[in-house]
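Novice: Starting off with a structure, shown below.
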2 protein chains.
Amino acid sequence: MMNSNNSKQIVLTGDRPTGHLHLGHYVGSLKNRVELQEEYPCLIMIADTQALSDHFDNPRKITDSIGEVCRDYLAVGIDPSKSTVFIQSMIPELFELTSYYMNLISVARLERNPTVKTELQQKSFADAITAGFLCYPVSQAADITAFKASLVPVGEDQLPLIEISNEIVRRFNRVYNTEVLVESKAILSGKCNRLVGIDGKAKACKSLGNAIFLSDSSEVIKQKINDMYTDPTHLKVSDPGNVEGNVVFAYLDAFFEDKDELEKLKTRYKKGGLGDSVVKSLLNDTLQALLTPIREKREAVTKEEVGDMLSDGCKKAGGIAKQTLIEVRDSIGLRYN
Amino acid sequence: MMNSNNSKQIVLTGDRPTGHLHLGHYVGSLKNRVELQEEYPCLIMIADTQALSDHFDNPRKITDSIGEVCRDYLAVGIDPSKSTVFIQSMIPELFELTSYYMNLISVARLERNPTVKTELQQKSFADAITAGFLCYPVSQAADITAFKASLVPVGEDQLPLIEISNEIVRRFNRVYNTEVLVESKAILSGKCNRLVGIDGKAKACKSLGNAIFLSDSSEVIKQKINDMYTDPTHLKVSDPGNVEGNVVFAYLDAFFEDKDELEKLKTRYKKGGLGDSVVKSLLNDTLQALLTPIREKREAVTKEEVGDMLSDGCKKAGGIAKQTLIEVRDSIGLRYN
C-alpha cells in the first residue's frame, strides 16, 4: 500500500547479472526489496551494461544470467505488479545521460572513488583500468537520475557512488539552472548486508564460489553447511569454541529467528560442550526451511513469466527514462526541430 | 560520380558547431569535402555532443551555431543529395557504442593522447580534466565506426585519434571474434590545412576571434586584411621585408592561384620596394573574389533548406547507425528478444 508521504519517493535497486543470486543477496537486499515494494514504487535494474565493464570479454556469462536472476526475483517474492524489473542495456536513454554527465565530473574525482580503488586492488589491473571501469559511477548516476530515484538501497561500500551521483545532480542543476534532476538518499541495509562466504573469507560472492545459492538443491545446501569454516581450535566437543569469525554462527545470526535461543547456544559453544555438528544441523534446518519454498517457487517460474516481467518492465522504465531525457536535453538546450 | 573502386569507401567528416566557419575551415576541409562528395558517399557530422565536452557550460553557443554552420556548408557547395549532413546528438546509437568501446581502452591510453595533452596545456584546466574530455576519442571512435567510415579527412594533429579508433576496432573485432567494425584511414589535408590567424598567432580559430569568416561582409574582410600582421621590421616600402611569418603572404599562398606571379612578388618584397598596402590590396581582391559568391549564396539559403538537409541527414545517418548497433550488440551477444 502506498503511503501518501512516500508518494514522491522512488526506489531504484538492481543487480549485476553475473550468476545466480545467493543468500548474501537475499539477506542484503532481496528480502528488503520485497518489503520496500509494499511501500514505494520500485525499479529493479538488471545491470548488464555495468557488468560488461569488468566482464566485457565474457558477455555470455551476463546474458546467460539474466533469466536466472529473474527467476530468483520471482522466487523470493518480487512482484512484477509492484516492482518494475528491467534490463539496463534496453534503456538507450541511460547511455545518452551518461555522456552529458561525463562533462560534469573530473577524472581526478572518479579516481578518488574508493570503490574503484578497492576493486582495482582486488582485481590487480591497476595499469589497465578501462575508461568504462573508471566511469561506471557516472553511468550509475544516469541510472539513478533517469528514474528520479530518491531512495537507493546500497551496502556501505557503495555510499561513495551515491555521493558522486548527487554531486553530478547538483552540478547539472546549477550549470543548467534547473531542478529537473533529483538527489537520492542511500538506504543502508542492516549489518547483515555483507554475509560472509562459507569459507569465512570476505563476503559471499558469486565470483568466489563461496556462497549458498537460492537455486541450490537441498543436498548441496547440506554439503556447503558441512564444509563451513567454524573454529579450527575447536577440535573436541568439550573444547571451548570461538563464535567470532565462525561462519556457522554468522549464518545463524542472519537467519535463525529465535535470538534468545541463539544467545544460549553461543554461550554453550564458547564454554565448551557444543559440537559443530549440532549447530550445523540447526543451521541446515533453518536454511532448508527458508530455501525449500523459494526453490520450489523458483522451479515453477515459467519462461513466459520472466519474459512478460522483463518486457513490461523495460517498456515502463523506458517511458520514464525517455521523459527524463527530454527534460535533461531541454535543460541543456539541445532542442532541435 | 562514384568510382567503382571506391564503392565501399565511406567518408566521415564534421565540425564542432561553436561559431561560424572561416577561411581556415574552407581551405583545410570544406573545399576538400566539395571534391570528395563527387567521389564517395560522405557523411558530415555536426558534433554538438563533442562540442559540449568543453562547452558544457555554454550550450547556447553550440545550438545557435548549428544553423550557421549549415548555411556555410550550403554556401560553399556541400550538396545534400551527395553529402549526408546530420547532428551528432540526434543519433542515440552513438552514445551506446561509446559505452561499449569504453570497456576496450585504458585510461592510461587515453591520457597518452597528444591532442588531449595539447588541449590541456592550451586550456589550462589540468586539474579539472572532465571524464567527457578524456573520453572524447572514444566517442569519436563511435562516430567513425557507426557509419563504417573508412576515410576520415583530418589535420595532422588528429592522427592520434584515428589510431585510437583503429585500436578500439581491432580490439572489438578480436574480443568478440567478429569483423563488423571497420578500420579507417586518415585523409590528410594539404599543408594549408592550418591556416594562420590574421594576428599571426597559431591557427585561425573561432575561439581566438582571429579568422575571416565565410559570412564576413566585404567591409569586414577588407578591415581584417588591413589589420593583418606582416613584418614589423618592414617600415618603409624600400625596406627589405620578410615573407616567412608574414600573414598576408601566408594567405596569398593559400588563396592566390597564380603561383609564378606570387613568387615574383615575394622576391620583390624580400628585396625591398614592395609595400604592404600593395600586397594587402592583392589579397583583398583575391578574397573578395572568392568570398562574394559564397556570401551571396549563403544569404540566399532558406531555413527550409537547412531544415530539410538536417532532417533528411539525421534520418539517413540514424538508419546506418542503428544497423551497426544491431551488429555490434549481436557480436557482444546482447540479443534480447
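Novice: Give me the pairs: first residue in the stretch A:49-65 and within 7 Å of another protein chain (Cβ to nearest Cβ), second residue aliphatic (A, V, I, L, M), beta-carbon distance under 6 Å, and six or more apart or on different chains, which are they?
Specialist: A:Asp57/B:Val175; A:Pro59/B:Ile332
Novice: OK, next. With the requirement that a residue be more than 9 Å from every other protein chain (Cβ to nearest Cβ) and either within 24 Å of A:Leu325 (Cβ to Cβ) or not in a helix (DSSP H, G or I) (or both), what does the stretch A:73-87 give you? Show your work before the answer.
Specialist: Narrowing the stretch A:73-87 to residues more than 9 Å from every other protein chain (Cβ to nearest Cβ): A:73-86.
Matches in the stretch A:73-87: A:Gly77, A:Ile78, A:Asp79, A:Pro80, A:Ser81, A:Lys82, A:Ser83, A:Thr84, A:Val85, A:Phe86.
Novice: When the stretch A:214-245 is examined, which residues are found to be within 14 Å of A:Val196 (Cα to Cα) and touching a helix residue (DSSP H, G or I) at 6+ places or on another chain (Cβ under 8 Å)?
Specialist: A:Ile225, A:Met228, A:Tyr229, A:Thr230, A:Val243, listed by residue number.
Novice: Which one of the conditions (1) within 14 Å of another protein chain (Cβ to nearest Cβ); (2) in contact with an Asp or Glu (Cβ under 6 Å, 6 or more places away or on another chain) does A:His20 fail to meet, given that it meets all the rest?
Specialist: (1)
Novice: Now, a different point. What about B:Leu74, is it buried (at least 22 other Cβ atoms within 10 Å of the Cβ) and out of contact with any His (no Cβ under 7 Å at 6 or more places or on another chain)?
Specialist: On the way: buried (at least 22 other Cβ atoms within 10 Å of the Cβ): no; out of contact with any His (no Cβ under 7 Å at 6 or more places or on another chain): yes.
No: the conditions fail for B:Leu74.
Novice: If you take the residues of the stretch A:146-160 that are assigned to a helix (DSSP H, G or I) and in contact with a strand residue (DSSP E or B) (Cβ under 7 Å, 6 or more places away or on another chain), which of them is nearest to A:Ala321 (Cα to Cα)? Please lay out each step first, then the result.
Specialist: Looking only at the stretch A:146-160, we keep the residues that are assigned to a helix (DSSP H, G or I), and these are A:146, A:156-160.
Subset that is in contact with a strand residue (DSSP E or B) (Cβ under 7 Å, 6 or more places away or on another chain): A:156, A:159.
Working: A:Glu156: 27, A:Leu159: 23 Å.
Among them, the one singled out is A:Leu159.
Novice: When you scan the stretch A:241-337 for helices (runs of 4 or more DSSP H) that lie fully inside it, which ones turn up with 3 or more residues that are among the acidic types (Asp, Glu) and exposed (fewer than 14 other Cβ atoms within 10 Å of the Cβ)? Full working, then the answer.
Specialist: Values: elements: A:247-255, A:259-271, A:276-300, A:303-332.
The helices (runs of 4 or more DSSP H) meeting that bar are A:259-271, A:276-300, A:303-332.
Novice: With the structure loaded, tell me whether B:Ile78 is free of Cβ contacts under 8 Å to residues at least 60 places away in the same chain and farther than 19 Å from B:Ala131 by Cα or whether it fails that test.
Specialist: When the stated conditions are applied, B:Ile78 passes them.
Novice: Limited to the stretch B:282-330, what total is found for residues that are in contact (Cβ under 8 Å) with a residue 12 or more places away in the chain, within 14 Å of another protein chain (Cβ to nearest Cβ) and of a type in the set (A, V, I, L, M, F, W, C)?
Specialist: 8
Novice: Within the group B:Met102, B:Met90, which residue is within 10 Å of another protein chain (Cβ to nearest Cβ), aliphatic (A, V, I, L, M), surrounded by fewer than 24 Cβ atoms within 10 Å (Cβ to Cβ) and in contact with a Cys (Cβ under 7 Å, 6 or more places away or on another chain)?
Specialist: Details: B:Met102 fails: surrounded by fewer than 24 Cβ atoms within 10 Å (Cβ to Cβ).
Checking each option against the conditions leaves just B:Met90.
Novice: Also: State which residue is surrounded by the fewest Cβ atoms within 10 Å (Cβ to Cβ) when the search covers only the stretch A:164-205 and only residues that are modelled with pLDDT under 95 and part of a helix (DSSP H, G or I).
Specialist: Residue satisfying both the conditions and the ranking: A:Lys191.
Novice: Going by the conditions given, is B:Ile105 within 29 Å of B:Glu183 (Cβ to Cβ) and in contact (Cβ under 8 Å) with a residue 40 or more places away in the chain? Steps first, answer last, please.
Specialist: Values: within 29 Å of B:Glu183 (Cβ to Cβ): yes; in contact (Cβ under 8 Å) with a residue 40 or more places away in the chain: yes.
Yes; evaluated as a whole, the condition is true for this residue.
Novice: Within the stretch A:13-29, how many residues are aliphatic (A, V, I, L, M) and either without any contact (Cβ under 8 Å) to a residue 60 or more places away in the chain or part of a loop (DSSP other than H, G, I, E, B) (or both)? I'd like the intermediate steps shown before the answer.
Specialist: The first filter runs over the stretch A:13-29 and keeps only residues aliphatic (A, V, I, L, M), leaving A:21, A:23, A:27.
Retained after the next criterion (residues that are either without any contact (Cβ under 8 Å) to a residue 60 or more places away in the chain or part of a loop (DSSP other than H, G, I, E, B) (or both)): A:21.
Matching residues across the stretch A:13-29 total 1.
The values are calculated or read from the model by the stated rules, or taken from the named source; none is laboratory data. Note that this is a predicted model, so its numbers are computed, not measured. Note that we place each Cβ from the backbone using ideal geometry, even for glycine, and neighbour counts take in every protein chain shown.
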